[in-house]
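All remarks here apply to the structure that follows.
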Amino acid sequence: MNEVSCRSCGTCVLVEKFSPQHTSVQWSRSAMRACTELSRPGTHAHTCTALRESIDAAVQSGQLSVSTRDVDVRTRGRTVA
Amino acid sequence: MNSDSEVRVIDAGAPPTRFARGWHCLGLADSFRDGTPHTVAAFGTELVVFAGEDGTLNVLNAYCPHMGGNLADGTVKGDSLACPFHDWRWNGKGKCTGIPYARRVPPLARTKAWPTLEQNKQLFVWNDPENKQPPADITIPRIAAAFDDEWTDWTWNSMIVEANCREVVDNVVDMAHFFYVHYGFPTFFKNVFEGHIASQYMTSISREDMMGETAKALGGKNTLHSEASYYGPSYMIDYLRSDSADLSVEGYLINCHYPITENRFVLQYGAIAKKPQGVSPERAEQIAASFVGGLGKGFEQDAAIWKRKSRINNPLLCEEDGPVYQLRRWYEQFYTDVADISEEMTARFEFEVDTTRAVTAWEAEVAENLAKRAEQAVAG
């Protein structure tokens, strides 16, 4: 997963894309606290729109590229507790 | 040996020997209020559920600590439950309130009282291997529609599944099975895991080649919007709205379970539907019943798969599959002592699946089926 910083507030998350239509976002506790949109009540449902735009910009600029599931399958795939 | 000839072996592992910490729904609250005690086999043991004279529902260990008699065969006397063996009386707090033939109640006379909660007209019990009280912020949300006259009352169904209960939780990330098992095309699919809540947001359209009775009852081709969340390890609330050309139907589906043993669980589901406006009351009840009946069929279809599949700890995922590993990481918190829960298990994770690409392949399959049928119709 790659680091992406939100252009709006600088909060940093990990992002992975298996295709142009797919996006995975991994937040940390500190990122959740820092995000200005998420900390507002009622916005928890889907995502932070400012962060989503930052992710799209990272893809367009070539900073973030599409990866495959092989890592998942080879590493985490061995055994899951 | 190159990787092309390596065969992938399923790691079935063994199911955990402890049961999930959290609120578990035992059924509709009023079904326990008939004045008699009820047996519930759960969490590797037997429980007894009874309503005292004051109407409160209580859950105790079924076996009397005196000589092991089964309290579920006893009698409710006042606010206590009397054991059928020697009439020892037990209240909802697990305290022995009397032994009619004895001079005094022994000071150690205490049995386990399981914490209970009533919400949405359903009864919940708290399971915790660490035997702590449920935290105030871990609870079951209220569904206002369950108390609204414009909605039907809960239907309720129960089935026993011979599998570990993780199988049903895995479903929350399974986008692809909606096409093959439930005959819908997801056009939007998202999972969000955070804290003790795991959610699925989905929009799907009905498959033209597999239009079932429910779809026909709902007005033919329809779009289904679903917002579902697990609140804890075992209770899911799914808000559904189905839109077709001339009819919109809304409903809430509850999907919940409790383990009997590591390899057997009770799956329960129930639904309410909003009585559609602008139709007669009879027609409204009919539509609601079809909606609810269709949901039940879906579960039977799922259970048929679970009964026959293998447990698999190392799923071999493709790019169009959902976040199975992250879901299992979230689920692991309920099998972990509270002090040992890692940030990984509860930190927010979002996964929006590539529906467009997957749907394209499925669209081809649907078109093929429709073409074959047209051919057969012409030939026959």
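The values are calculated or read from the model by the stated rules, or taken from the named source; none is laboratory data. Keep in mind it's a predicted model, so treat the numbers as computed, not measured. Ideal geometry is used to build each Cβ from the backbone, glycine not excepted, and the neighbour counts take in all protein chains shown. SASA here: full protein model, heavy atoms, side chains in, ligands and nucleic acids out. Shrake-Rupley method; radii C 1.70, N 1.55, O 1.52, S 1.80 Å.
Descriptive notes on the structure:
- Residues (in a loop (DSSP other than H, G, I, E, B) and open to solvent by 70 Å² or more (accessible area, probe 1.4 Å)) located in region B:118-128: B:Lys121
- For region A:1-60, a residue qualifies if it is assigned to a helix (DSSP H, G or I), more than 14 Å from B:Phe349 (Cβ to Cβ) and open to solvent by less than 10 Å² (accessible area, probe 1.4 Å), and the qualifying residues are A:Ser54, A:Ile55, A:Ala58.
- Subset of region B:276-315 (residues that are outside any helix (DSSP H, G or I) and closer than 30 Å to B:Val173 by Cα): B:Lys309, B:Ser310, B:Arg311, B:Ile312, B:Asn313, B:Asn314, B:Pro315
- Wholly enclosed strands (runs of 3 or more DSSP E) of region B:11-61 bearing at least 3 residues of a type outside the set (A, V, I, L, M): B:22-28, B:45-51
- B:Arg328, sole failed condition from (1) closer than 30 Å to A:Ser39 by Cβ; (2) part of a loop (DSSP other than H, G, I, E, B): (2)
- Yes/no for B:Val266 being touching a residue at least 12 places away in the same chain (Cβ under 8 Å) and either closer than 20 Å to B:Asn191 by Cα or part of a strand (DSSP E or B) (or both): yes
- Residue, surrounded by the most Cβ atoms within 10 Å (Cβ to Cβ), within region B:32-52, restricted to residues that are of a type in the set (Gly, Ala, Ser) and within 18 Å of the chain's Cα centre (by Cα): B:Ala42
- A single member of B:Ala102, B:Ala163 is without any contact (Cβ under 8 Å) to a residue 24 or more places away in the chain, aliphatic (A, V, I, L, M) and assigned to a loop (DSSP other than H, G, I, E, B), and it is B:Ala102.
- With respect to the conditions (1) over 30 Å from B:Gly68 (Cα atoms); (2) open to solvent by less than 40 Å² (accessible area, probe 1.4 Å); (3) not polar (S, T, N, Q), B:Pro115 lacks only one, and its number is (1).
- Out of A:Arg29, A:Arg69, A:Arg76, sole residue that is touching a helix residue (DSSP H, G or I) at 6+ places or on another chain (Cβ under 9 Å), modelled with pLDDT of 80 or more and facing another protein chain (nearest Cβ under 10 Å): A:Arg29
- Some residue of region B:263-272 being closer than 25 Å to B:Ala14 by Cβ, modelled with pLDDT of 85 or more and open to solvent by 50 Å² or more (accessible area, probe 1.4 Å): yes
- When the residues of region B:164-182 are filtered to those that are at pLDDT below 90 and in contact with a strand residue (DSSP E or B) (Cβ under 7 Å, 6 or more places away or on another chain), the one that is most open to solvent (accessible area, probe 1.4 Å) is B:Phe178.
- Failed item in (1) at pLDDT 90 or above; (2) surrounded by fewer than 19 Cβ atoms within 10 Å (Cβ to Cβ), with B:Lys221 passing the rest: (1)
- Going through (1) farther than 20 Å from B:Tyr331 by Cβ; (2) more than 17 Å from the chain's Cα centre (by Cα); (3) modelled with pLDDT under 90 one by one, B:Ala145 falls short only on (3).
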